[in-house]
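Student: The structure that follows is given in the form of C-alpha cells.
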Amino acid sequence: MEFSPQPELIESPLCRSIEQGGVSLTINIVRLVTERGWSLEVVNEHNTSTCWEDVFATDRDADAAFRAALANEGFEAFLGK
C-alpha cells in the first residue's frame, strides 16, 4: 500500500492556546504551501474542533473571525464535547 505525502502546511504566528476558567482552547490558523487562503480551526481540550468553512485572505482575517466569534458567542461556544 502506498501512502501519499502529507500536504505541507504553513502555520501562522497567530496560532496559540488560550485559557479561561481552567479550560484551554487551541487556535490553529494554517494554509497549504500551494494555496493562498488561510483556514481557521479551534480545538477544545476534548479534541472537539470548530472549523470555519470560509477560507480567509490573510491570517489576520482568520484571527479576526475567531475574535469576533469569541466576543459574540463567548468561550462556551467552543466547549462542545
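Student: I'd like to check something: does segment 38-47 contain any residue that is modelled with pLDDT of 95 or more, crowded, with 16+ Cβ neighbours inside 10 Å and of a type in the set (Phe, Trp, Tyr)?
Tutor: Yes, that holds for at least one residue.
Student: Has segment 54-63 got at least one residue that is closer than 25 Å to GLY80 by Cα, modelled with pLDDT under 95 and of a type outside the set (Val, Ile, Thr)?
Tutor: Checked against the condition, which is being closer than 25 Å to GLY80 by Cα, modelled with pLDDT under 95 and of a type outside the set (Val, Ile, Thr), segment 54-63 yields at least one hit.
Student: Can you tell me which residue is farthest from PRO13 (Cα to Cα) among those in segment 29-51 that are in a loop (DSSP other than H, G, I, E, B) and either in contact with a helix residue (DSSP H, G or I) (Cβ under 6 Å, 6 or more places away or on another chain) or acidic (Asp, Glu) (or both)?
Tutor: GLU45
The values are calculated or read from the model by the stated rules, or taken from the named source; none is laboratory data. Bear in mind the structure is a predicted one, so any value in this text is a computation, not a measurement. Every residue, glycine among them, receives a Cβ derived from its backbone with ideal geometry; neighbour counts consider all protein chains shown.
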